[in-house]
1. When the Karplus curve 6.51 cos²θ - 1.76 cosθ + 1.60 is applied with θ = phi - 60°, which whole-Hz ³J(HN,Hα) does each residue of the stretch 19-24 get, with x for Gly and Pro?
2. Rounded to the nearest 5, what is the percent of antiparallel bridges among the DSSP beta bridges in the stretch 33-180?
3. Measure up LYS275/LYS394; LYS88/LYS397; LYS14/LYS88; LYS96/LYS397 against 27 Å on the Cα-Cα distance and list the ones that go over.
4. Could you give the alpha-carbon Rg of the stretch 44-146 over 2.2 N^0.38 Å, rounded to two decimals?
5. For LEU202, what residues show an amide H to amide H distance below 5 Å, using hydrogens built from the backbone and excluding near sequence neighbours?
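Derivation of every value follows stated rules applied to the coordinates shown; laboratory data play no part. All values derive from a computational prediction rather than experimental measurement.
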Amino acid sequence: MFADSAKVFIKSGKGGDGHVSFRRELFVPAGGPDGGDGGKGGDIIFEVDPGLNTLTDFRHVRKYIAKNGEEGGKKRCHGANAENLVVKVPEGTVIKDFETGKVIADMSGENKREVILKGGKGGLGNMNFATPTMQAPKYAQPGQPGHELWVQLELKVIADVGLVGFPNVGKSTLLSRVSNARPKVANYHFTTLNPHLGVVDLDGSAGFVMADIPGLIEGASQGVGLGHDFLRHIERCRVLVHVVDAAGTEGRDPIADIRAINEELSAYNPELLKKPMVIAANKTDSINPDDPDPIELLKNEFEPEGMTVYPISAVSGKGVRELLYAVYHLLQTVEQKPVIFEKEFEVEYAGDRNLPYTVTQEEEGVFVVEGPRIEKMLGYTNLESEKGFQFFQKFLKENGILEDLEQAGIQEGDTVRMYGLAFDYYK
Ligand SMILES: Nc1nc2c(ncn2[C@@H]2O[C@H](COP(=O)(O)OP(=O)(O)OP(=O)(O)O)[C@@H](O)[C@H]2O)c(=O)[nH]1
């Protein structure tokens, strides 16, 4: 069974307590303190395992608890550090705080391993606390507690091309025809409960990954039906193929269907409409010749908007090759921006709601901050000045992202472009 989301509990280990003890030696009546330090608690680390492609295992094992550090011992013995607990996830797993929904980590691209919860530090043993005035300290530090959190794991399928369309228009049939994927095909709605991936192989050399994004219906952007679960998968596709039932076999109107789907896409994330789209006008084998030609109608409606219409029959295979080559060529034209660093974060606004922002590193030394209200968060800061840069750093620090950015290599003098609703600013 395929699972693309799971809720799990994670907990890092507590640090071992420091030890209180005194040297006991023959003929040395009052030996000094020799209580050792406690060991560090285990971290919770998430790591990408390229062999995994589902979150199914997390439906069975839902608790991941790292071991505690060992207590310090006498004779200055350092307690053992606990082993870190490494949780293996498929590439494309997004880890969110279950309570707040805030993204903690996105295990995609370069990000293959990330410490999600740090184990507690071990406490210092009493050997550390001897001073000239207090030569026999009877206390040691306790180990620091571990951290615990419920996290939501979500798997974003990374496909080059996404098939979108209402149920029963023939998406599964098309995907199974053109790829090695064999999704279930049946004549009832929501046949396909999982997004299916298929590798489309064109003449053995060129190819791409295509996903059947099932269950997209009106209201999906509000979570109706399988709603958000599937819209999420579309975000990373580079090209979208609208599959419609050109024959209108279930009384569907292909033009209205495409408009409705685009509205759902836009309501979920307006950026989705910027992706290149083509139309696969399916079921041409059952078009009623007495009706007005649906292909012509679709062309007149959508080609002026830049969406090319390809008449196909997924069942007979007619027109499918032309569609695939067109999609392949379109993919070549879409520039794939390598994102070096990407982080989502939220900023409290007007005390009662959080606004979402992202920081992206587009290339060496160029960072982009995007969000709804840039001027509110930074004022009219001039980043060129040292003061401006410090202000920006402070802002990033307060929002918990400076550390990540420093790791990604941000430094004074880097370009920071900021895009907001109110104004665009860049140095
Ligand atoms: N006549 C005809 N029927 C087709 C064609 N393509 C698909 N069908 C039929 O349409 C029905 C639905 O096809 P599916 O491939 O399951 O549709 P889907 O869009 O994947 O549907 P969901 O999985 O519910 O989202 C099936 O009965 C198919 O046999 C075609 O080119 N011509």
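1. Listing the rounded values in order: 9, 10, 7, 10, 4, 10 Hz.
2. Values: 13 of 18 bridges.
DSSP beta bridges in the stretch 33-180 are roughly 70 percent antiparallel.
3. Numbers: LYS275/LYS394 35 Å; LYS88/LYS397 29 Å; LYS14/LYS88 22 Å; LYS96/LYS397 20 Å.
Too far apart for the 27 Å limit: LYS275/LYS394; LYS88/LYS397.
4. 1.51
5. Distant-sequence amide H within range of LEU202: GLY207, PHE208.
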